[in-house]
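The values are calculated or read from the model by the stated rules, or taken from the named source; none is laboratory data. Since the model is a prediction, treat every value here as computed from it, not as a measurement. No Cβ is skipped: glycine too gets one built from the backbone with ideal geometry, and neighbour counts run over all protein chains shown. Heavy atoms of the whole protein, side chains included, go into the accessibility calculation; ligands, DNA and RNA do not. Shrake-Rupley method; radii C 1.70, N 1.55, O 1.52, S 1.80 Å.
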Amino acid sequence: MAEGNAASRYVKLRKEQAPVEDITPGELNQPIDVPQLNVRKCHECMQVLPETYEPPSDENWTTGIFGCAEDPESCKTGLFCPCVLYGRNIEAVREEIPWTQPCVCHAVCVEGGMALAAVTALFSGYIDPQTTVVICEGLFFAWWMCGIYSGLFRQELQKKYHLKNAPCDHCMVHCCLHWCALCQEHREMKNHLSDADASSSTTMDPPPVQAMNTEEKKHASSSSSSSSSSSPSSAKSQHNDLEMVPL
């Protein structure tokens, strides 16, 4: 700013020119959302992919649909407590859903439906035939609805790992081979998680432990003492070797 009567080159803001709204700290450093940049690109050619693009499903399942014996733990769980195995599979794919919710739904729909079918067959002579037909039709419809819902989950798993429809459509697999499909999906996720852990983990060998024996310690102490005793004599000899040379 100029001193004295010289005009200042800084213009003072009047009251009416002051900003109306105060700017909070960090308000100007917020990221800007550009819709043109939020696009999916191919990892190889870096071309923009359309919104309806889906990656090809060309990978095979690591285990077959009838390979339940390859994992005895999941086989036992799927045989005696399929609702628990189903809940664990849902939780592994959708982390926001706890395994208890799909477990209870599966227990009510599948295990409850099987119990109702067994009771209906046991007391078929005491129940009206028309009522028995209605119960059977309702159970058949509920089974297919459960198969479709479980098939949608299987479809999400296939999209996640780019898996094929094996041995047939995902909904048909659960409608016809529900228990085998649950075990196969659990094995598939377990195998992929083990592969990811093996690729990410690295093994490092610790350095060997270095220790000195008693003889080496004695030798090192004797050498250090001899070097300390010889150092003054060597310094004296260096001073005695000096000669005066006239210029």
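Just a few scattered comments:
- Top-ranked residue of segment 83-104 - restricted to ones that are surrounded by fewer than 16 Cβ atoms within 10 Å (Cβ to Cβ) and among the acidic types (Asp, Glu), ranked as farthest from residue 191 (Cα to Cα): 96
- Any hit, segment 114-126, residues being closer than 20 Å to residue 176 by Cβ and open to solvent by 70 Å² or more (accessible area, probe 1.4 Å): yes
- Test for residue 75: is it within 28 Å of the chain's Cα centre (by Cα) and under 19 Å from residue 152 (Cβ atoms): no
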